[in-house]
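Report on one structure; see the data block that follows.
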Amino acid sequence: MDRCYSSGQLPSKNLANPLKERSMLFLFGVRRKQKPLGQVERPCTKCARSTVHTALELKNWFTLFFIPVIPFGTSYITICNLCGMKYKSSADVKAHTSGMAMAAKA
């Protein structure tokens with residue numbers, strides 16, 4: 001597209017880079033948040049003892065400008081409080097720890 005301008009009429013916009021005014025910057029990424037669910041007593045394979053483990057819920061979040069927006073991918077782990085060994089767990093850990101908390105309140 002050709003544009004003609006007379007000598008006294010120059011455009012106010014920069015024609016060398018017309019996309020410069022429309023560019024935007026988006027910062028996005030993934031973040032993992034962990035939430036402690038409670039304490040569970042179980043045997044540890046590394047310590048070879050029956051110790052107390054901390055149950056954690058790990059949730060992945062899609063972030064936009066460092067703000068968590070959309071949650072995706074929940075997983076559960078238990079960590080031995082004595083040696084630090086981590087075990088993958090199922091969602092039953094959440095129900096088990098909440099059930100123990102309700103029994104403790106009664």
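Every number here is computed from the coordinates shown, using simple stated rules; none is lab data. Values in this document were obtained by computation on a predicted structure and should not be read as measured data. As a convention, Cβ positions derive from the backbone with ideal geometry for all residues, glycine included, and neighbour counts pool all protein chains shown.
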Checklist outcome for this item: In Å, the Kirkwood estimate of hydrodynamic radius for the stretch 27-105 over Cα pairs equals 13.8
Checklist entry - Using unit Cβ charges (K, R positive; D, E negative) and no other charged atoms, how large, in debye to the nearest 20, is the dipole of the stretch 27-105 about its Cα centre? => result 140
Checklist outcome for this item: Env charge @ CYS47, Cβ radius under 14 Å, K,R +1 / D,E -1, value +3
Next on the checklist: Just to confirm a number: summing +1 for Lys and Arg and -1 for Asp and Glu over residues other than LYS35 whose beta-carbon lies under 14 angstrom from that of LYS35, what do you get?
Outcome noted: +4
Item to check | Charge sum, other residues only, whose C-beta stays under 12 Å from CYS83's C-beta, Lys/Arg counted +1 and Asp/Glu -1 | outcome: +3
